[in-house]
Amino acid sequence: MLKNLPPLSILLFGYILYTCFGWALLSLPVVQTEDVEPIDSLFIAASAVSTTGLTTVDVGTSYNGFGQTLILLLIQAGGIGFMTFSSFLLLATNHKLSRERAKVAKTAFALPDDFGPARFVWYVIRFTLLVELAGAIALWWIFSANDVERPLWNALFHSVSAFCTAGFSLFPDSLNRFSTSPAVCLVVSCLSFAGAIGFVVVADLWNRISGRQPHIHFFSRVVFRVTFWFVLTGTVLVYNLSSELRELPVGDGILMSFFQVMSATTTVGFSSVDVASFPAAVIMLFFFMMIFGASPSGTGGGLKSTTLATLVGLVNSTLKRRKSVTLYGRTLSDDHLRQATASLAFYLMLLFTAVLLLLVFEPSSLDALLFEAISALGTVGLSMGVTGNLTDPSKVLLVFLMLVGRIGVLSFGLAVSMEDEEPDAQQGEGELPL
């Protein structure tokens, strides 16, 4: 049955299947230290599979070691993708992928034409394990020096959570206790950037460094430039717009600013400062970063950095009255422009509908609920403190948003839509003034 479905529909089905499987296991009393409502187990499972990090219960106290291990496995499965585990097992036994599976894997990772799916799956597995192991060792040493309980387990959990940009923490205050620790912030940031920029970009960079190719792809250059300017300008703006951070020692204030900007841009969702304490201007900046910070083939959701770059190129070329749209000296195809504008339009419609429903369900303020919806749709995990108090309808709505964010807004629309033949159109009858 699945063999006849389009690749995007298979991906959507896979993430739903993972979520339902995790929901069933997390609902078992044997993995809980206290009674957890079924809706909360569903929320945690969806948040883990989508690598979001929003939680309605405290993971560190509500689930025992078995439950935390299960959540970690869901994060890992969601982080490297639905197709990767099954494709890896198939490659390990048969040493090849079927044409259909290769097509789905290529869609899942948004691979360029010259990237082979089978070779890329092997690369993803090796790179993931290597980076997460290195991060776990570094955090183990840091946590041990700071007398953190169960330092090895906490190090492993937070390393996987950071690399998969999940933002799940076993500490009740996320990483607030380490807000002025350069070591923790640096390790977590490196892990988050490694996962967020995308496996394709990392593979592309490695091939360039190792001499396998003369230069990195245009796609990778765009991701690096957008990410760099997001982090640099974001850190400067957050520090200068937040009076509380400016009152701290300069080093601590800049470190906290950088970490929160990194967290929003990579969609990892860890917090070292109470997000609700930031002024409205900073919250607005976080809105923008959470929407456009993620990169294709990475673990983030929402719109992508490449979508933003495309839209900027479109606006710039339109204002300069150019016949073609260029970006960094490259001409963008009409299909690429259509996908970028459709993604933005669909995202805004979906976000507007979700926030409207949240305002109906919840007594919270508009800015807090808007923040929550953007965080869920971008699989970010940052919150202004309303997640734990949401009603059941709002939790179900956020579960939906998180899964949509994981597969991608436009990809979700394509997955659920019926393919339609292009109708006959009359030339000149569809002009609309703008």
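Odds and ends about this structure:
- Here region 252-391 exposes an accessible surface that is 66 percent carbon and sulfur, computed with a 1.4 Å probe and the other protein chains kept in place.
- The figure for residue 185 is an accessible area of roughly 0 square angstrom, using a 1.4 Å probe on the protein chains alone.
- Highest average packing first - 158-167, 207-216, 347-356, Cβ atoms within 10 Å: 158-167, 347-356, 207-216
- Accessible surface, per residue, of region 320-374 when the full set of protein chains is kept, probe 1.4 Å, Å²: 62
- Straightening the chain between residue 28 and residue 137 buys 36.1 nm, computed as 0.36 nm per residue apart minus the Cα-Cα spacing.
- Using C-alpha pairs under 8 Å with a sequence gap of at least 6, the mean separation divided by the residue count of region 336-423 gives a relative contact order of 30 percent.
- Protein heavy-atom accessible surface, 1.4 Å probe, per residue over region 122-175: 44 Å².
- A simple charge model with +1 on the Cβ of Lys and Arg, -1 on the Cβ of Asp and Glu and nothing else charged puts the dipole of region 203-284 at about 540 debye relative to its Cα centre.
- Mean Cβ count within 10 Å, highest first, over the residues of peptides 26-34, 61-69, 261-269, 314-322: 261-269, 61-69, 26-34, 314-322
- Computed packing ranks the peptides 130-141, 191-202 as 191-202, 130-141, most packed first, by mean other Cβ atoms within 10 Å.
- Here the simple spin-label model places points 7 Å from the Cα toward Cβ, and for residue 328 and residue 276 these points are separated by 4.0 nm.
- Ligands, DNA and RNA aside, residue 228 has an accessible area near 110 Å² when probed at 1.4 Å.
- By a 1.4 Å probe calculation restricted to protein chains, residue 153 has an accessible surface near 60 Å², given to the nearest 10.
- Taking only the C-alpha atoms of region 233-316, Rg followed by Dmax gives 13.6, 42 Å.
- Taking the centroid of alpha carbons for each part, region 178-201 and region 314-333 are 34 Å apart.
- Net length gained if the chain between residue 208 and residue 312 were fully extended (0.36 nm per residue, minus Cα distance): 34.7 nm
- Accessible area expressed per residue, region 33-82, with surrounding protein chains retained (probe 1.4 Å, Å²): 28
The values are calculated or read from the model by the stated rules, or taken from the named source; none is laboratory data. Only a predicted model underlies this, so the values are computations on that prediction, with no experimental measurement involved. Positions of Cβ are generated from backbone atoms using ideal geometry, with glycine treated the same way; all protein chains shown enter the neighbour counts. Side chains are part of the model used for accessible areas, which takes the heavy atoms of the whole protein and leaves out ligands, DNA and RNA. Shrake-Rupley method; radii C 1.70, N 1.55, O 1.52, S 1.80 Å.
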